[in-house]
1. Could you please find all residues in region 172-184 being assigned to a loop (DSSP other than H, G, I, E, B) and in contact with a strand residue (DSSP E or B) (Cβ under 6 Å, 6 or more places away or on another chain)?
2. Can you tell me which of L110, L80, L8 is over 30 Å from K131 (Cβ atoms), among the aliphatic types (A, V, I, L, M) and in contact (Cβ under 8 Å) with a residue 12 or more places away in the chain?
3. Based on what the data block shows, is V79 among the β-branched types (V, I, T), modelled with pLDDT of 95 or more and either within 16 Å of ligand 1 (Cβ to nearest atom) or within 29 Å of I194 (Cα to Cα) (or both)?
4. Please go through region 101-146 and give me each residue that is in a loop (DSSP other than H, G, I, E, B), farther than 25 Å from L90 by Cβ and not β-branched (V, I, T), ordered by number.
5. Mind checking which residues of region 1-37 are more than 25 Å from D67 (Cβ to Cβ) and either among the charged types (D, E, K, R) or away from ligand 2 (no atom under 16 Å from the Cβ) (or both)?
6. Which members of region 62-74 meet the condition of being surrounded by 18 or more Cβ atoms within 10 Å (Cβ to Cβ) and either out of contact with any Cys (no Cβ under 9 Å at 6 or more places or on another chain) or charged (D, E, K, R) (or both)?
7. Residues in region 23-66 that are part of a loop (DSSP other than H, G, I, E, B), more than 16 Å from H225 (Cα to Cα) and within 16 Å of ligand 1 (Cβ to nearest atom): how many?
8. Against the definition (in a helix (DSSP H, G or I), crowded, with 16+ Cβ neighbours inside 10 Å, within 15 Å of ligand 1 (Cβ to nearest atom) and not charged (D, E, K, R)), how does L90 come out, yes or no?
Amino acid sequence: MADATPVLAVEGLRKSFGPNEVLKGIDLKVGAGERIAILGSSGSGKSTFLRCINFMETPSAGRIELDGAPIGTQGRDGVLTAKSGELRRLRTRVGMIFQQFNLFPHMTVLENVMEGPVTVKGMKREEARAKAQDYLKRVGLAEKADQYPQRLSGGQQQRVAIARALAMEPEILLFDEPTSSLDPELVGEVLDVILGLSQEGRTMLLVTHELGFAYHFATRVLFLHEGRIHEQGTPDEVLKNPREERTQAFLRRFSAFHF
Ligand SMILES: Nc1ncnc2c1ncn2[C@@H]1O[C@H](COP(=O)(O)OP(=O)(O)O)[C@@H](O)[C@H]1O
Ligand SMILES: [Mg+2]
């Protein structure tokens, strides 16, 4: 991997909201097939980081490259702006899954999964429909194709959201706390789907508080603190033998109760 161009390279990424600097210079190179778990306290900038990678937030400074090609141009103020063509390219190559599913309520499950390929990629509806069926099957929901999202459980809705992201055939998948809004008994079915994807060698960045899952899922773990990567390493290094006091304190809060 040493010589290969990273699939994603982030350099000196900063993001401020007014006077509040949330990301304070993030550098990250992600190789093909890497699976990165991102941990950190609420407010540490995890969501903002993922949202900047796919330009749902405009980075205040820094550089983002996909396969060695920069996305966006830095203005004199440092702010990165992407042209609509660049954004389209980005949206076909980076898929994102949110805590709150964000499915279109007025569309059936199948239409939700077809939407991106048809509107962003200009795919013919018949082809998009066939692909959507395949991806729904992949997440175990082929029989729900004609339902509306609100008839589905949270776990099912999140699996539809994953199928919708997969239908764009992205190189990179970003997950922002994909199980945080689910009832505990529905978490497993979503994590199973994500683990299945990880076995296909996909490149993924996952924000999660499911530390046990992160341990099994990730090739690398990042601990974000106050807008910086405070510590990173293998799951064993960061989750079992963290070097930094902040990381240790964060992890302790998750293991306060043993029985
Ligand atoms: N759109 C926004 N406008 C203003 N402040 C924001 C916005 N999004 C996030 N923030 C602020 O940025 C900080 C980091 O938020 P976030 O990235 O959501 O953290 P995390 O996902 O780690 O909990 C918080 O202080 C939050 O209030
Ligand atoms: Mg968040």
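The values are calculated or read from the model by the stated rules, or taken from the named source; none is laboratory data. These figures come from a predicted structure and were not determined experimentally. Cβ placement follows ideal geometry from the backbone for every residue including glycine, while neighbour counts extend to all protein chains displayed.
1. Start the filter on region 172-184 by keeping residues that are assigned to a loop (DSSP other than H, G, I, E, B), which leaves 177-183.
Of everything in region 172-184, those that are assigned to a loop (DSSP other than H, G, I, E, B) and in contact with a strand residue (DSSP E or B) (Cβ under 6 Å, 6 or more places away or on another chain) turn out to be E177, P178.
2. Details: L110 fails: over 30 Å from K131 (Cβ atoms); L8 fails: over 30 Å from K131 (Cβ atoms).
Selected residue: L80, the only one of L110, L80, L8 that is over 30 Å from K131 (Cβ atoms), among the aliphatic types (A, V, I, L, M) and in contact (Cβ under 8 Å) with a residue 12 or more places away in the chain.
3. On the way: among the β-branched types (V, I, T): yes; modelled with pLDDT of 95 or more: no; either within 16 Å of ligand 1 (Cβ to nearest atom) or within 29 Å of I194 (Cα to Cα) (or both): yes.
So V79 does not fit the description; no.
4. First pass over region 101-146, keeping only residues in a loop (DSSP other than H, G, I, E, B): 101-108, 120-124, 139-141, 145-146.
Filter once more, keeping what is farther than 25 Å from L90 by Cβ: 105-106, 108, 140-141, 145-146.
P105, H106, G140, L141, A145, D146, listed by residue number.
5. Step one: of region 1-37, the residues more than 25 Å from D67 (Cβ to Cβ) are 16-22, 24.
Hits for region 1-37 are S16, G18, P19, E21, K24.
6. The initial filter retains those residues of region 62-74 that are surrounded by 18 or more Cβ atoms within 10 Å (Cβ to Cβ), namely 62, 64, 66, 71-72.
L66, I71, G72 - these are the residues of region 62-74 that are surrounded by 18 or more Cβ atoms within 10 Å (Cβ to Cβ) and either out of contact with any Cys (no Cβ under 9 Å at 6 or more places or on another chain) or charged (D, E, K, R) (or both).
7. Just the residues of region 23-66 that are part of a loop (DSSP other than H, G, I, E, B), to begin with: 31-34, 40-45, 54-60.
After this cut, where a residue has to be more than 16 Å from H225 (Cα to Cα) as well, the list is 31-34, 54-60.
Retained after the next criterion (residues that are within 16 Å of ligand 1 (Cβ to nearest atom)): 54-60.
Summing the residues that are part of a loop (DSSP other than H, G, I, E, B), more than 16 Å from H225 (Cα to Cα) and within 16 Å of ligand 1 (Cβ to nearest atom) in region 23-66 gives 7.
8. Values: in a helix (DSSP H, G or I): yes; crowded, with 16+ Cβ neighbours inside 10 Å: yes; within 15 Å of ligand 1 (Cβ to nearest atom): no; not charged (D, E, K, R): yes.
No; evaluated as a whole, the condition is false for this residue.
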